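Notes to accompany the following structure.
The values are calculated or read from the model by the stated rules, or taken from the named source; none is laboratory data. Not measured: the values here are computed from a predicted model. Backbone-built Cβ (ideal geometry, glycine too); neighbour counts: all protein chains shown.
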2 protein chains.
Amino acid sequence: MTDLRINPDRMLRNLAQLSEFGATGDGGVHRPALSETHLAARVWLCAKLEAAGLEFFTDAAGNHFGRLACGPDGAASLLIGSHLDSVPHGGRFDGALGVVAGLEVLETIRDTGLDLACHLEVVDFTDEEGTLVGLLGSRALAGALTPADLENPRGGREALADGFARAGITDPTAAARDPNTLAGYLELHIEQGPRLTAAQAAIGIVTALVGIGSFALAFRGRADHAGTTPMDARRDAGLGAAQLMVRAHDHVVSDYPGAVINFGQAEFLPGAYNIVPETASISLEYRAESQDRLNALERDLLDIAQETAAIFNLQLETHPQGCVAPAPCSPVVRSAFAAACETLDLKSMDLVSGAGHDTQAMTSVCPAGMIFIPSAGGSHNPDEFAESEDCENGANVLLHTALTLAAKGDF
Amino acid sequence: MTDLRINPDRMLRNLAQLSEFGATGDGGVHRPALSETHLAARVWLCAKLEAAGLEFFTDAAGNHFGRLACGPDGAASLLIGSHLDSVPHGGRFDGALGVVAGLEVLETIRDTGLDLACHLEVVDFTDEEGTLVGLLGSRALAGALTPADLENPRGGREALADGFARAGITDPTAAARDPNTLAGYLELHIEQGPRLTAAQAAIGIVTALVGIGSFALAFRGRADHAGTTPMDARRDAGLGAAQLMVRAHDHVVSDYPGAVINFGQAEFLPGAYNIVPETASISLEYRAESQDRLNALERDLLDIAQETAAIFNLQLETHPQGCVAPAPCSPVVRSAFAAACETLDLKSMDLVSGAGHDTQAMTSVCPAGMIFIPSAGGSHNPDEFAESEDCENGANVLLHTALTLAAKGDF
């Protein structure tokens, strides 16, 4: 089986057809979860799955599946997939590539007529991007979606209700699947970052998906007249916020290599040229690959913020804004990815995923792992781009990993 | 005349009466320029001036004058005053004290029956605070107000037109007064800062009113995914802005003692927790007491901003937002203030005014100077406060300075 390869033309033709759904005319797609364009893409997928001779079904969360019954009766399934929804005005590779690659792997194995130790399923998860909730389908399948998650959805309750009505979804939490039916989960995705290209590697093997913490921070000082108040008599909230941003950045770069932080929002009040800022509100987000490191990073960042507040005689308010636990990928799956890269003579490297993906939810219920291929043009915009050869390489790694793991059935 | 003193009870009673116009119930006043409350205060002033036996008149800018004809026919006038308008929800001392003190000085000198070498006039200038235009009345009198100043007023064209209609003002530029009729200008004001209190000085003799420069700055980088983009691969506009704020602050404190800067506004775009800021817009204002120092400061600040942009691989846009030239006070007037403080045994100190005042406009047409008395509770808010004894001291310094200068007539 070492010489087996996916059919790149078939896969890329499918990707191109899929790109027509919600096409924005500039290479991108607009397929927010459960929008008309997203649901149209799913109708297309359903037809493709059935034409491929796969057993098509959906679950209570709207997740779409195509099953190749290549294992013994009652065996679990190795799932391979990603998602067809996009961010608003996003790119055509994010998510869609993982679904068409999963389909391609199943078609390739179907054509061999092989009997394996488990079944294979290609899966298209609902609302990975969070237009509505975020990882809605994969968390529902993993039994991690709660009614509370649906009460204050990111996209608003009305949009969620509208989407559910369009898709015929009533209670997505009912999609929780018996873990005994899950042999594992594999996902192919574009990197959405520059590391593979910089390292000239064809495949990135994800060691873990980062945990994410976030705070709304507010420094409070005094709104003095900026002309009559000497520099040393001020309580300048803006200066405190600026100092924190600089110090936190330097600290993370020096003491937390690989981790990232971001201050994405800033507002000074009262907000006049000639008034020293009384309040400086900034948003802090930080990501690290392990819970220990995430905790240490949070402690350090809040310590620096408190020290900075003290230096400038400011009050500091810290409001947690939600967090995501780090998700380590399965060592067995990682080893199988690495072996496949060796079989295919592809240079691979281990890396941490700085973004969330459906794999994040799946790690809690079965051995799960994901690979990245190089991409350019940034992320979540119409310019995102992956070379056809890289897409092909990624799908072939999925293929040989699936063959290895499905031959075992339980890993 | 060394023993002559103003009548503190009369002056403070006037100040208390004036505080009723636009009283906000918390010790402050709301008397925006040419509002109903401001115009009511002016009606009160008019009655006071006439009751004091002064010759009342107004000019084309709505400035109010009360004249004591104590000099020879055809002599110029030494003006003493300030303004009755306040910032919205401001304090009861800012401006009003200078007007009632001017009136008190004229009443005191009137009672002596002295003949002097020039006349005396108490003046209440229109719109010092800039609710409409800023230094409107004093610049008009000094011939420095242009039609262009009235085309895009700070407070908007509609508010200006409404105010002019209420006050019966049609063309304030016609208020330009023959400089030969101006012997000089004196102003008493609260400090609006902590320096006199810190130095335990009773009187601050203003050496110059600062010049002010301002820029809207925009750093532009790239809006990357804050999870997938490593720290060293970013072009983080927010980090550039933060670094500039910190560096500029440190530079001014170390290299420009006495000068001040302020970053009063900040906005990061696109403004999401998980997106590296593409644009960071901040406002910069800086003040220094001489044109040379103001120019050097501007050059240094823009150099630091450019350096910072280069370090973080950002573009920098700099949009000038208007400037005010520094206004040195008359050495003759300053000497007369100092001599008066000595006569009255009051500790004085030289200081720079970090804020603009009507004196700023008057320095361009006649020998002008101003003094500060200690104040607490900040500035431009209902808590601003000056002790009665300090108000009395300030008025007595005005009195003896006026006696000295008006005895010369031309200085």
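Filter region A:156-191 down to the residues that are hydroxyl-bearing (Ser, Thr, Tyr) and not in a helix (DSSP H, G or I) and list them by number. Can you show your working first?
First pass over region A:156-191, keeping only residues hydroxyl-bearing (Ser, Thr, Tyr): A:170, A:173, A:181, A:185.
Those that are hydroxyl-bearing (Ser, Thr, Tyr) and not in a helix (DSSP H, G or I): A:170, A:185.
Mind checking which residues of region B:86-132 are basic (Lys, Arg) and either crowded, with 24+ Cβ neighbours inside 10 Å or under 18 Å from residue B:21 (Cβ atoms) (or both)? Even if it seems obvious, please write down each step before you answer.
The initial filter retains those residues of region B:86-132 that are basic (Lys, Arg), namely B:92, B:110.
Selection gives B:92 alone.
Of all residues being at the interface with another protein chain (Cβ under 7 Å from one of its Cβ atoms) and part of a helix (DSSP H, G or I) in region B:216-237, which is surrounded by the fewest Cβ atoms within 10 Å (Cβ to Cβ)? Just the residue, please.
It comes out as B:233.
Could you tell me whether region B:50-64 includes any residue that is among the acidic types (Asp, Glu) and closer than 23 Å to residue B:397 by Cβ?
First, pick out the residues of region B:50-64 that are among the acidic types (Asp, Glu): B:50, B:55, B:59.
Filter again for closer than 23 Å to residue B:397 by Cβ, leaving none.
No; the residues of region B:50-64 include none that is among the acidic types (Asp, Glu) and closer than 23 Å to residue B:397 by Cβ.
Condition check ((1) under 19 Å from the mean Cα position of the chain (by Cα); (2) of a type outside the set (Ser, Thr, Tyr); (3) outside any helix (DSSP H, G or I); (4) surrounded by fewer than 17 Cβ atoms within 10 Å (Cβ to Cβ)) across all residues:
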residue: A:351; (1), (2), (3), (4): yes, yes, yes, no
residue: A:395; (1), (2), (3), (4): yes, yes, no, no
residue: A:398; (1), (2), (3), (4): yes, yes, no, no
residue: A:411; (1), (2), (3), (4): no, yes, yes, no
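Do the conditions hold for residue B:352, that is, is it assigned by TED's automatic domain parsing to the domain that holds residue B:199, touching a residue at least 24 places away in the same chain (Cβ under 8 Å) and either among the aromatic types (Phe, Trp, Tyr) or touching a Ser or Thr at 6+ places or on another chain (Cβ under 9 Å) (or both)?
Working: assigned by TED's automatic domain parsing to the domain that holds residue B:199: yes; touching a residue at least 24 places away in the same chain (Cβ under 8 Å): yes; either among the aromatic types (Phe, Trp, Tyr) or touching a Ser or Thr at 6+ places or on another chain (Cβ under 9 Å) (or both): yes.
When the stated conditions are applied, residue B:352 passes them.
For region A:228-236, indicate whether the set of residues that are assigned by TED's automatic domain parsing to the domain that holds residue A:302 and within 30 Å of residue B:231 (Cα to Cα) is non-empty. Spell out how you get there, then give the answer.
Within region A:228-236, the subset assigned by TED's automatic domain parsing to the domain that holds residue A:302 is A:228-236.
Going one step further and asking which of them are within 30 Å of residue B:231 (Cα to Cα), we end up with A:236.
So far as region A:228-236 goes, yes, one or more of its residues are assigned by TED's automatic domain parsing to the domain that holds residue A:302 and within 30 Å of residue B:231 (Cα to Cα).
Quick one: how many residues across region B:246-265 are under 16 Å from residue B:305 (Cα atoms) and either touching a residue at least 60 places away in the same chain (Cβ under 8 Å) or among the charged types (D, E, K, R) (or both)?
2
Tell me whether region A:194-207 contains one or more residues that are touching a residue at least 12 places away in the same chain (Cβ under 8 Å) and farther than 30 Å from residue A:348 by Cβ.
Initial filter on region A:194-207 (touching a residue at least 12 places away in the same chain (Cβ under 8 Å)): A:195-197, A:199-207.
Narrowing the set further to residues that are farther than 30 Å from residue A:348 by Cβ leaves none.
No - not one qualifying residue is present in region A:194-207.
Considering only region A:99-135, how many residues are under 20 Å from residue A:168 (Cβ atoms) and of a type in the set (Ser, Thr, Tyr)?
The qualifying residues number 2.
In region B:243-278, how many residues are more than 8 Å from chain A (Cβ to nearest Cβ) and among the hydroxyl-bearing types (Ser, Thr, Tyr)?
2
What are the pairs, 6+ residues apart or on separate chains, where a residue within region A:319-343 that is in contact (Cβ under 8 Å) with a residue 12 or more places away in the chain has its Cβ under 6 Å from a residue that is surrounded by fewer than 17 Cβ atoms within 10 Å (Cβ to Cβ) and of a type in the set (A, V, I, L, M)?
The qualifying pairs are A:319/A:216; A:321/A:216.
Please state which of the following conditions residue B:191 fails to meet, knowing it meets all the rest: (1) touching a Leu at 6+ places or on another chain (Cβ under 9 Å); (2) within 10 Å of chain A (Cβ to nearest Cβ); (3) within 30 Å of residue A:285 (Cα to Cα).
Evaluating residue B:191 over (1) touching a Leu at 6+ places or on another chain (Cβ under 9 Å); (2) within 10 Å of chain A (Cβ to nearest Cβ); (3) within 30 Å of residue A:285 (Cα to Cα) leaves (3) as the failure.
Given the options A:383, A:345, name the one that is of a type in the set (Asp, Glu), part of a loop (DSSP other than H, G, I, E, B) and at pLDDT below 95.
On the way: A:345 fails: at pLDDT below 95.
Residue meeting the stated conditions: A:383.
Within region B:95-113, can one find any residue that is touching a Gly at 6+ places or on another chain (Cβ under 8 Å), over 27 Å from residue B:150 (Cα atoms) and not in a helix (DSSP H, G or I)? Full working, then the answer.
In the first step, residues of region B:95-113 are kept if they are touching a Gly at 6+ places or on another chain (Cβ under 8 Å); the result is B:97-99, B:101-103, B:106, B:110.
Of the ones still in play, those that are also over 27 Å from residue B:150 (Cα atoms) are B:97, B:101-103, B:106, B:110.
Filter again for not in a helix (DSSP H, G or I), leaving none.
Scanning region B:95-113, I find no residue that is touching a Gly at 6+ places or on another chain (Cβ under 8 Å), over 27 Å from residue B:150 (Cα atoms) and not in a helix (DSSP H, G or I), so the answer is no.
Which residue out of A:213, A:184, A:240, A:163 is within 11 Å of another protein chain (Cβ to nearest Cβ) and crowded, with 24+ Cβ neighbours inside 10 Å?
Values: A:213 fails: crowded, with 24+ Cβ neighbours inside 10 Å; A:184 fails: within 11 Å of another protein chain (Cβ to nearest Cβ); A:163 fails: within 11 Å of another protein chain (Cβ to nearest Cβ).
None of the others qualify; the one that does is A:240.
If the requirement is being out of contact with any strand residue (DSSP E or B) (no Cβ under 8 Å at 6 or more places or on another chain) and of a type outside the set (A, V, I, L, M), which of these qualifies: B:137, B:130, B:91, B:81? Let's see the steps before the verdict.
Values: B:137 fails: out of contact with any strand residue (DSSP E or B) (no Cβ under 8 Å at 6 or more places or on another chain); B:91 fails: out of contact with any strand residue (DSSP E or B) (no Cβ under 8 Å at 6 or more places or on another chain); B:81 fails: out of contact with any strand residue (DSSP E or B) (no Cβ under 8 Å at 6 or more places or on another chain).
Residue meeting the stated conditions: B:130.
Quick check on residue B:163: is it at negative phi and not assigned by TED's automatic domain parsing to the domain that holds residue B:106?
Details: at negative phi: yes; not assigned by TED's automatic domain parsing to the domain that holds residue B:106: no.
No; evaluated as a whole, the condition is false for this residue.
Collect the residues in region A:310-327 that are touching a Leu at 6+ places or on another chain (Cβ under 8 Å) and at pLDDT 95 or above, keeping them in residue-number order.
A:312, A:316, A:317, A:318, A:326, A:327
For region B:264-307, which residues satisfy the criterion of being among the aliphatic types (A, V, I, L, M), crowded, with 18+ Cβ neighbours inside 10 Å and assigned to a loop (DSSP other than H, G, I, E, B)?
B:276
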